[in-house]
Amino acid sequence: MKHLLLFLFSFLALQGTAQVPSGYYKQADGKSGYNLKTALCTIITTGHTQVGYDNLWTVYKTTDVRADGYLWDMYSDMTNFSTEKPSGSYTAEGDVANREHSFPKSWWGGSKAIQYSDAMHVVPVDGYVNNRRSNYPYGETSSPTYTSHGGFSKLGPCDRAIGYSGTVFEPNDEYKGDFARIYFYMATRYQNEIASWSSPMLAGNSDSVYTKWALTMLMRWAAQDPVSQKEIDRNNAVYKAQGNRNPFVDFPGLEQYVWGSKRDTPLRIAGYTFPDDDTPGDEPPAAPVFSIEGGSVMQYTTVSITSPDELPLHYTTDGTTWQEADTPLRLSIDEDVTISAFCEQHGLQSDTVVYAFTVVPIEQPNSNVFTLITDVSDLVAGSYYLIVNESKQMALGQASKDVRSNVAVDISENTIILTDDATQQPTVLQLVRSGDFFSFFIPTEQAYLALVSDANSLKTTDDVTEDGAQWTISFSGSTATITNRRYDTRYICYNSSSPRFAAYKSSSRQQPVALYREQQTPTALHALHPNQQNAVEIYRLDGRRVTPTCPLPAGIYIIGGRKVLVK
């Protein structure tokens, strides 16, 4: 990869434009964005003559000759091809050179129009490697199914972080910028027809031209592998042969004025230097941060995705359609989903972060029987709980100003049975787990129990990602210590002198609480006749179907549409 310092960009720009005819880019001066691309299209289309496909071998004698007299090959590092028109078959790498449409001809239908022999993108390469490339798009692969000599070029499934899942051909790092600038040229030179061409890299329009994943990758390649003397010399030679130039070689970083962060800035030809605030670097931006790192979440949970660098976010919820949003992005999870997200700056893309979420549906408890729990292992996400003060036989109830009311319950043999004839029912809480922390979702209020300030209070929030809605839980015998994550000196207690549940400090000497979990029928499958068991559909909470067995292993299942806890 050609890592150059910023001052070299100015030097290369001067070198590259030294042979540009005076006034060649005059029509582009002062233009920006897609208007700039349109002006450049007119410039590089005017005077472009068709050299002919067979005559490319003659063109290559001036455009693609190495210092040692052999053809320059960007697909293989082992070739020494003569500049004469070759003959023979592509039996193995190093046998015969070929004319490679780096922008595959099948993408425009293969017609022998002027692009068929456009020397800007038809380059000499190893014929065998070229055949392996076929018409696959460029991309990056970490698990190649084919590599050329020494791993110079690769073919294989595209890395998921790129945003494309098909097979791709990855050129060597040394030439990724060269091919990126060739693709910028193609998007500009053939702007008036490229919208009708078909490729996994093409978006079907004449403005952005490329899909988001492709454009992001090409911008990154251009930044990481800046313009080389080879490209400058080739650009000048192609101009002599067919009468047009590649402006993205003449003006390093020009792509930023068309697609990047400078797209609203008018281009100034005189004294052009590489855009100062778009100086390429080797460090991509920081990856997005998810407030919840996948796993089981309550239905309608809000997941926040944030860019540490305050960059726009690119995300997908279906693995195909990418969208852009400002940071922070908040998504409500109402069904099982996998979310992928990345950030991009100056053509450099962060790692793509991927998390899968399994939804725990919001529903009312199936049982009115609750039993005491005394161990962290009894904290099961999705199960229902009561917060209880055993000495006064009181359970946490409805909101009352900024605290929770108390409801009398009858505790017998560590069991609470709720009756329908009670004038007031305790608040049933559904447990949500996020790593080492827990949240209490209140189905009847569609909110989470939360401590929103460092005070003796208990309120609610609709955002489970808030620290005040998350708690740590530990046990000492029947006592459950429920401590707030944000205000970690406060924990849920019962105030018997002013009956209520709230969050107190230890110095307040309020009474402790216990947790009672809903008791569900663990033998739901056992009640079935053996001949009926295979007809029952049983699923885990992550949606995987379970083969019926008797008895079922311990866990929570969906059986016949109902949630069942098996101990």
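Looking at the stretch 334-427 from every direction and averaging, what is the projected area of its Cα convex hull in nm²? List each step's numbers first, then the result.
Details: hull surface 42.8 nm².
For the stretch 334-427, averaging the hull's shadow over all directions gives 10.7 nm².
If the chain between A203 and V289 were fully stretched, how many nm would it gain, using 0.36 nm times the residue separation less the Cα-Cα distance?
Value of the extension gain: 28.1 nm.
Could you grab the Rg to Rh ratio for the stretch 119-171? Cα atoms only, Kirkwood for Rh.
Result: Rg/Rh = 0.98.
Based on the alpha-carbon set only, what is the convex hull volume of the chain divided per residue, in Å³? Before the final figure, lay out the partial values.
Numbers: hull volume 117.9 nm³, N = 567.
Expressed per residue, the convex hull around the Cα atoms of the chain is 208 Å³.
Please compute the contact order of the stretch 176-304 in relative form: average sequence separation of alpha-carbon pairs under 8 Å and at least six residues apart, divided by the residue count, as a percent.
20 percent
Translational diffusion coefficient of the stretch 350-506 at 37 °C, 0.692 mPa s, Stokes-Einstein with Kirkwood Rh over Cα pairs, in µm²/s as a whole number.
202 µm²/s
Please state the relative contact order of the chain as a whole percent: Cα pairs under 8 Å, 6+ residues apart?
10 percent
Scan around I292 for amide H atoms under 5 Å from its own, H built in the peptide plane at 1.01 Å from N, and keep only partners 5 or more places away or cross-chain.
S304
Past the 28 Å Cα-Cα mark, which pairs from K26/K112; K37/K61; K105/K240; K212/K262; K61/K212?
Working: K26/K112 31 Å; K37/K61 31 Å; K105/K240 24 Å; K212/K262 17 Å; K61/K212 37 Å.
Those over the limit are K26/K112; K37/K61; K61/K212.
For T273 paired with Q446, estimate the spin-label separation in nm (one decimal), with each label point 7 Å from Cα along the Cα-to-Cβ line.
It is 5.8 nm.
For the stretch 166-216, what class follows from the C-alpha gyration tensor (a ≥ b ≥ c being the square roots of its eigenvalues): rounded when a/c is under 1.5, otherwise prolate if a/b is larger than b/c, else oblate?
Numbers: a/c = 2.32, a/b = 1.48, b/c = 1.57.
Oblate is the answer for the stretch 166-216, as a/c is 1.5 or above yet b/c matches or exceeds a/b.
Report, largest value first, the span of the C-alpha coordinates of the stretch 92-153 along each principal axis, in whole Å.
Rounded to whole Å, the extents work out to 35, 25, 16 Å.
Among the trypsin sites (Lys or Arg not before Pro) within the stretch 98-194, which fall in a DSSP loop and have no more than 12 other Cβ atoms within 10 Å of their own Cβ? If you can, show how the numbers build up before the last one.
Values: sites: R99, K105, K112, R132, R133, K154, R160, K176, R181, R189; in loops: K112.
Taking the stretch 98-194 and a limit of 12 other Cβ atoms within 10 Å, the loop trypsin sites (Lys or Arg not before Pro) found are K112.
Could you list log10 I(q)/I(0) for the stretch 183-274 at q = 0.21 Å⁻¹, which the Debye formula gives when each Cα is one point scatterer?
Scattering profile of the stretch 183-274, log10 relative to I(0): -1.19.
What percentage of the solvent-accessible surface of the chain, computed with a 1.4 Å probe over protein heavy atoms, is contributed by carbon and sulfur atoms?
Numbers: 11110 of 24390 Å².
Solvent-exposed carbon and sulfur of the chain make up 46 percent of the total.
Tell me the volume per residue, in Å³, of the convex hull enclosing the alpha carbons of the stretch 404-467.
Hull volume normalised by residue count: 126 Å³.
Take every DSSP beta bridge with both residues inside the chain and express the antiparallel ones as a percent of the total, to the nearest 5.
Once the DSSP bridges in the chain are tallied, antiparallel ones form about 95 percent.
Taking amide H positions as placed in the peptide plane 1.01 Å from N, state which residues far from F169 in sequence (5 or more) or on other chains have amide H under 5 Å from it.
Y138, G139
Suppose we look only past 23 Å in the calculated P(r) of the stretch 27-159. What percent of the Cα-Cα pairs does that tail hold?
44 percent
What number comes out for accessible area per residue over the chain if the probe is 1.4 Å? Units Å², please. Can you show the working numbers first?
On the way: 24390 Å² over 567 residues.
About 43 Å² of surface per residue is accessible.
Which parts of the stretch 72-87 would a label at W57 reach, counting a residue when its backbone N lies under 15 Å from a point 7 Å out along Cα-to-Cβ?
Only 81-87 pass the distance filter.
Under 5 Å between amide hydrogens, which residues at least 5 positions from F81 or on another chain qualify, with H placed 1.01 Å from N in the peptide plane?
Answer set, sorted by chain and number: L71.
State the extension gain, in nm to one decimal, for the chain segment bounded by T419 and A67, taking 0.36 nm per residue of separation less the distance between their alpha-carbons.
117.5 nm
Taking each pair of different alpha-carbon atoms in the stretch 362-403 once, compute 1/r for the pair, average those values, and report the inverse of that mean as the Kirkwood hydrodynamic radius in Å to one decimal.
Kirkwood hydrodynamic radius for the stretch 362-403: 12.6 Å.
Can you tell me the FRET efficiency between T320 and R486 if r is taken as the Cβ-Cβ distance and R0 is 41 Å, rounded to the nearest 0.05?
Values: r = 38 Å, r/R0 = 0.93.
The pair T320/R486 has a calculated efficiency of 0.60.
The values are calculated or read from the model by the stated rules, or taken from the named source; none is laboratory data. This one's a predicted model, so the numbers in the text were calculated from it and none came from an experiment. Glycine gets a Cβ as well: all are built from the backbone with ideal geometry, and neighbour counts include every protein chain shown. Just so you know, the surface numbers come from the protein's heavy atoms only, side chains and all, with ligands and any DNA or RNA stripped out. Shrake-Rupley method; radii C 1.70, N 1.55, O 1.52, S 1.80 Å.
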